[in-house]
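See structure below.
The values are calculated or read from the model by the stated rules, or taken from the named source; none is laboratory data. In this text, all values refer to a predicted model and were calculated from it rather than measured experimentally. Accessible surface areas use protein heavy atoms only, side chains included; no ligands, DNA or RNA. Shrake-Rupley method; radii C 1.70, N 1.55, O 1.52, S 1.80 Å.
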Amino acid sequence: MAASLATQSMLGSSVVAARVTGIRKSGVYQFSSVKYLPGTLQRNVSLSVRCMAKNEQQKDQSTQPPKLPRISTKFSDVFAFSGPAPERINGRLAMIGFVAALAVELSKGQDVFAQLSDGGVAWFLGTSVLLSVASLVPLFKGVSVESKSDGFMTSDAELWNGRFAMMGLVALAVTEFVKGSTLV
């Protein structure tokens, strides 16, 4: 920015002499620009800019630990529409439900609606309560999902897998209803 200002001031006058002093006083470089105009319009305009060297800035920044934002553990924040709990819990339940529905369909030959009427509601409720509690305990302790994700299975991959499983479970149920029999 200082170079831009000095260049603009040089281009604005007809005769310009610039003086740059590279004297280092306690980590500060001083730059000054002096304009000389001919005749009666002669005046001295001085511009001084001071800045710190980059390595000293990096030392100052590296000594302070980065501040992490505090995660809210309030019930209304965890269960908010854009909160961490609803989509993750629904996605986890859909992933287990989709795989379980396909496994029972392959082993017994029952469609999704027959599975639900043959005692599947109790299994669904039990699984829902267990996975919901297991998903909520870390969130209420203040542990973010992103802090525990690395490698191949990241938190974003879990969200996308859950979304596809939700669509797959609905598509499986609709296809079996329209077709009138099992999919496989």
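With all protein chains present and a 1.4 Å probe, how do Leu169, Leu106 order by accessible area, largest first?
Values: Leu169 50, Leu106 120 Å².
Order by accessible area, largest first: Leu106, Leu169.
Could you state how much accessible area Asp118 has, in square angstrom rounded to the nearest 10, with a 1.4 Å probe and all protein chains kept in place?
Asp118 exposes around 100 Å² with every protein chain in place.
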